[in-house]
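Okay, so here's the structure we're looking at.
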Amino acid sequence: MLAKLAHIDSRVIFAAFFIVVSLPLIFPLNLPLNVLGWTRQSYDELQKLAAGDLVIMTMQYSPALMADSHPTAVVMMKHLMQKNVRVILMGDTPDGARWATLFAKEWEGKGKTYGVDIVDLGFLPGYETGLAAFVRDIPKTMPRDARGNDVGSLPIMKGIKTVTDVKLFIGHESGSGRNYVRQVSPYKIPVVIGCMTADAYELEPFLQAKQIQGLIVGLRGGAEYEKLLGAPGAGLAGNDSQNAGHLLVIAFVILGNIGYLAERRNKARQGGE
Amino acid sequence: MSPDLGTWVNAICTLAVFTVLYRHNPVSKVTENLYVGIGAGYQLMLAYETVRNKAWIPLATKGEAKMAIPIVLGLLLFTNYVLPKAREWNKIAIAVMVAAGTAVTLKGTMEADFLGQIRGAISVPLTSFDAMLTFICTVSTIIYFLFTFSMKGVMATVSRLGYWAMMVAFGAGFGNTIGGRFAQFTGRMDVVFGEWLKLYTR
């Protein structure tokens, strides 16, 4: 009987996940959420900024990874705008550039002045090679913004030459977070990375070695940041579902192992007979 | 329910893709192809605008002759398809891309992955359990990869510890991957129940 647990139909598992992940969205459980040290470090880095300071925020994630990475980018952008920090937005992947455009439009609609408080530089081609050129000479690498303006004509870009002319570099990665460590960190400016949940273990050593100054991990990190800022959003809304899903994974791992052990015992008995 | 057409398309496409979990079917296939097609179209448009704004306009209107180099190299990539007799020429463009990419990455790797990590590992004071555990796991994992002599006695035990340290790290990585997938699934369900069906509001 127990051996059947090792062969549960995958469709039953999918259905269970569908129910367990969906229900907390409709009926929130309000499970407690501890803020991890690396999220607090990231928050503190943004708190250090003063009104008028300049920050670069770049995005890599595609719409497929939106649920994991976007809440973090949204809440950090909100934090920057609340502090009246000026932000240079861009995407170092084609998909990432789309978010830069959306953020610029959103905050322009909320009263920020394009070209003064925010700018959308659009897509930076060349991936890591492009990033290496960008940090060395920003106006030369991206002479025009996403709207076709000459960046030299925009007040926000006045006096900007290299990445050292900004106070903070924020990168929302989707698999290439090391690019920021390799190309931006050597310039000795604070770097904060918002990463996919899957990449946390790969980027954590850079935080411990102080090569980056902050790390915000996936949807959970976004939820923690929203809690710190006191601005509930998609992160906190998804926290209950994610926790419920994790509990179900643990349950299925235990059930699968019980099934495996029962199956092994049955085979041993049959062998004995 | 949402009156927004975009939300309807979003939610219906989400449900259509998830039908593959029951079994492969034409609905999920069409939606997958739609997603790939839209993504490719968007990237093509972006690539066109990038080449036009960053290379062609500076070359044609400002006389920046050096911009001809990336344009020519880019065109060489297509020789394989349009000029079969000159198909070998695309290797020039590929060689330039690989060489530039390797050079830039290697330069950063030395500091980021090598020197910076060593500096970080040796500069942590062993005053906490976390720091000591990190130190032990680092040393034992390095010893696991010492192949110059056979592991015996204490060294074999330490090497085994390194093996387990790596297994724990891989397990954590796998767990994080699962966590990320849940976040993505949660996001999709949020579109269906929250944005489309309006069963709740934030």
Filter the stretch A:214-244 for residues that are surrounded by fewer than 24 Cβ atoms within 10 Å (Cβ to Cβ) and within 17 Å of residue A:23 (Cβ to Cβ); the one that is nearest to the other protein chains (Cβ to nearest Cβ) is A:237
Of the candidates B:69, B:12, B:38, the one satisfying the condition of being of a type in the set (A, V, I, L, M, F, W, C) and under 22 Å from residue A:97 (Cα atoms) is B:38
query = Are any of the residues in the stretch B:146-169 modelled with pLDDT of 85 or more, small (Gly, Ala, Ser), within 20 Å of residue A:220 (Cβ to Cβ) and assigned to a helix (DSSP H, G or I)?
reply = yes
Residues of the stretch A:214-248 being more than 25 Å from residue B:165 (Cα to Cα), in contact with an Asp or Glu (Cβ under 6 Å, 6 or more places away or on another chain) and not in a helix (DSSP H, G or I), in sequence order, are A:232, A:233
> Got at least one residue in the stretch A:18-37 being assigned to a strand (DSSP E or B), away from chain B (no Cβ under 14 Å) and either in contact (Cβ under 8 Å) with a residue 12 or more places away in the chain or surrounded by fewer than 12 Cβ atoms within 10 Å (Cβ to Cβ) (or both)?
Replying inline: no
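Answer with yes or no whether residue B:110 is assigned to a helix (DSSP H, G or I), in the same structural domain as residue B:170 (by TED's automatic domain parsing) and either free of Cβ contacts under 8 Å to residues at least 40 places away in the same chain or not β-branched (Val, Ile, Thr) (or both). Steps first, answer last, please.
Values: assigned to a helix (DSSP H, G or I): yes; in the same structural domain as residue B:170 (by TED's automatic domain parsing): no; either free of Cβ contacts under 8 Å to residues at least 40 places away in the same chain or not β-branched (Val, Ile, Thr) (or both): yes.
Judged against the criteria, residue B:110 is not a match.
Anything in the stretch B:121-145 that is farther than 21 Å from residue A:207 by Cα and surrounded by 12 or more Cβ atoms within 10 Å (Cβ to Cβ)? List them, or say none. Show your work before the answer.
As a first pass, look at the stretch B:121-145 and keep what is farther than 21 Å from residue A:207 by Cα: B:140, B:143-145.
Within the stretch B:121-145, B:140, B:143, B:144 meet the criteria.
Can you tell me which residue is nearest to the other protein chains (Cβ to nearest Cβ) among those in the stretch A:165-213 that are assigned to a loop (DSSP other than H, G, I, E, B) and of a type in the set (A, V, I, L, M)?
Applying the filter and picking the extreme gives A:209.
Is it fair to say residue A:201 is in the same structural domain as residue A:71 (by TED's automatic domain parsing), aromatic (Phe, Trp, Tyr) and modelled with pLDDT under 90? Step through it out loud before you land on a result.
Numbers: in the same structural domain as residue A:71 (by TED's automatic domain parsing): yes; aromatic (Phe, Trp, Tyr): yes; modelled with pLDDT under 90: yes.
It is true that residue A:201 is in the same structural domain as residue A:71 (by TED's automatic domain parsing), aromatic (Phe, Trp, Tyr) and modelled with pLDDT under 90.
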Subset of the stretch B:83-141, residues at the interface with chain A (Cβ under 9 Å from one of its Cβ atoms) and basic (Lys, Arg), comes to B:107, B:119
Residue B:191 being of a type in the set (A, V, I, L, M) and under 28 Å from the mean Cα position of the chain (by Cα)
yes
Within the stretch A:111-143, the residues that are over 21 Å from the mean Cα position of the chain (by Cα), within 21 Å of residue A:83 (Cα to Cα) and crowded, with 20+ Cβ neighbours inside 10 Å are A:117
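The values are calculated or read from the model by the stated rules, or taken from the named source; none is laboratory data. Bear in mind the structure is a predicted one, so any value in this text is a computation, not a measurement. All Cβ positions, glycine included, derive from the backbone under ideal geometry; neighbour counts span all protein chains shown.
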